[in-house]
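As structure tokens, the structure follows; a few thoughts come after it.
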Amino acid sequence: MTQLRPRPQVMTLTDAAAERVRAVIARSEKPIAGLRIGVKNGGCAGMEYTMEFAEAAGKFDEVVEDKGVKVLIDPKAIL
């Protein structure tokens, strides 16, 4: 039987970025499931990244947990 290689994480966070995200989430007045990364039309290349705090994970979001922070990545942002 062929053993599959584990898929690498789509992204990682620096220690400083993880600490900053944790601090902002801790101050939020509403529950936050994680930091959502997405893309939208714009910028000189035609696409630009977006970041926002998400109250729930999307059905097709790629979920990455790194340094105690949950990052939800829109599938379009992975391409």
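The values are calculated or read from the model by the stated rules, or taken from the named source; none is laboratory data. What you see is a predicted model; the values in this text were computed from it and never measured. Virtual Cβ from ideal backbone geometry, glycine too; neighbours counted across all protein chains shown. Note: areas computed on protein heavy atoms with side chains; ligands, DNA, RNA excluded. Shrake-Rupley method; radii C 1.70, N 1.55, O 1.52, S 1.80 Å.
Taking every residue in segment 29-43 that is farther than 10 Å from K70 by Cα and pairing it with any residue that is of a type in the set (S, T, Y) and open to solvent by less than 100 Å² (accessible area, probe 1.4 Å), at least 6 positions away or on another chain, the pairs with Cβ-Cβ distances below 7 Å are G38/T50; V39/T50; K40/T50. Residue-level check: of (1) closer than 24 Å to L79 by Cβ; (2) modelled with pLDDT of 90 or more, I32 misses just (1).
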